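Input: a single structure, listed below in structure tokens.
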Amino acid sequence: APEDHELARGGVFHLYNHRNSQMSTTLKIQPHKILIVRLSSLGDIVHGIPLCQQLKKHYPHACISWLTREKYKELLQMNVCLDTIFTISDIGQNKRLKRIKEIWRIIYLIRRERFDVVIDLHCVLISAIIVLLSGAHIKLGIDKKNDIGLKMFTYYTLSKGNKLHRIHTYLSVLRILGIDDYEISFPLAIPTEIHRKIDHFLTSQNITYNDLVIAIHPGTSVEIKRWDEKNFAALASQLASEYKTKVIILFDAGEKHLAKTFKSMASSLNIICAPTFSLKELAALLHRCDVFIGNDSGPLHLASALGTSAVGLFGPSDASVSGPYGYGHKVVRASLPCRPCYNNFFITFTCKNGTAACMSN
């Protein structure tokens, strides 16, 4: 890993060698069409981007496609190594017939493309059904059971029991394809007009390139991973008053209830409550920030992928598996014997001790 942070901001963090690893099966192929399936969420899709980059590097003439949910399409549009993006619509749990129709629509589109290789990085029931019926000659997946406790593919990458970062777990599929060495990089290209829009926003908030800018994201999609918003508010106040930084508080569309804690203090100091940004706008903003602070969530991993120094607050999840990747990042966690426990949850994500001490501590 590079020792200079500016080099890390260039996007290439690590060279990994698998020559001494043992694989029972190696496929010597030259695929023409490859499909990656990772439907959600933001951080996991970010972690899959290095695999996409390496597939394009080793198979430059192959068409690389990705299947994801509609809400994450913008992120993948910035991935310069992708040729095609397929999206599946988000349909409510109570609309089963529409969900089934949507799944069959995607299966029809994928079968029509005649993919040589389909790689399931998600391995949930929906993704497994899509891959199983994709018509691809080779189906690859992570060595884990899906929602109904089944494994549905002939070939598997590394077991989830290995304490590897999720990026390396995804990249282990390269070994099955006979690729031993790889670089880890995040080839994300943010459109110029989006950079200009964010520059205009920062200028409107009296933020210049000379200011030290820190982004704080107090939210997360899973409640048990969340540090109390009052703690984030106290941190933002201290950073703004004692260290004279410009602090930007980030929220997504579903986190408006958290914004109330910060809006009362935003008029004073240097604290800005940002509007809800698109994924491209969020990427451009994070690229302009000097530091990002947040829970184990998608924006944390997007910030680290863009080379912005990130501080991740980790409770139930394992930072060695899903922490911010690369040089110049920090993880804050409490030393408790019961953590990490996030992989032991099933369906509902609640603290078995009833205290959530790993976050409150």
Residues that are at pLDDT below 95, outside any loop (DSSP other than H, G, I, E, B) and under 19 Å from the mean Cα position of the chain (by Cα), drawn from the range 211-242: E223, I224, K225
Would you pick out the residues in the range 299-322 that are under 14 Å from R166 (Cα atoms) and modelled with pLDDT under 95? S317, D318, A319, S320, V321, S322
Near pairs, Cβ below 6 angstrom, 6+ apart or cross-chain, from the range 319-337 (without any contact (Cβ under 8 Å) to a residue 40 or more places away in the chain and at negative phi) to any residue that is crowded, with 17+ Cβ neighbours inside 10 Å and in a loop (DSSP other than H, G, I, E, B): V331/G323
Applying the selection to the range 28-60, what residues are over 29 Å from S320 (Cα atoms), exposed (fewer than 15 other Cβ atoms within 10 Å of the Cβ) and not polar (S, T, N, Q)? K28, I29, H32, P60
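Every residue, every condition in (1) under 17 Å from Y327 (Cβ atoms); (2) surrounded by 24 or more Cβ atoms within 10 Å (Cβ to Cβ), yes or no:
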{"site": "P275", "(1), (2)": "no, no"}
{"site": "L279", "(1), (2)": "no, no"}
{"site": "L285", "(1), (2)": "no, yes"}
{"site": "V291", "(1), (2)": "yes, no"}
{"site": "D296", "(1), (2)": "no, yes"}
{"site": "S304", "(1), (2)": "yes, yes"}
Wholly inside the range 61-142, helices (runs of 4 or more DSSP H) that include 3 or more residues that are buried (at least 20 other Cβ atoms within 10 Å of the Cβ) and touching a residue at least 24 places away in the same chain (Cβ under 8 Å) are 125-132
Just to be sure, is K163 in contact with a helix residue (DSSP H, G or I) (Cβ under 6 Å, 6 or more places away or on another chain) and modelled with pLDDT of 90 or more? no
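The values are calculated or read from the model by the stated rules, or taken from the named source; none is laboratory data. Since the structure is predicted, the reported quantities are computational estimates derived from the model, not experimental observations. Positions of Cβ are generated from backbone atoms using ideal geometry, with glycine treated the same way; all protein chains shown enter the neighbour counts.
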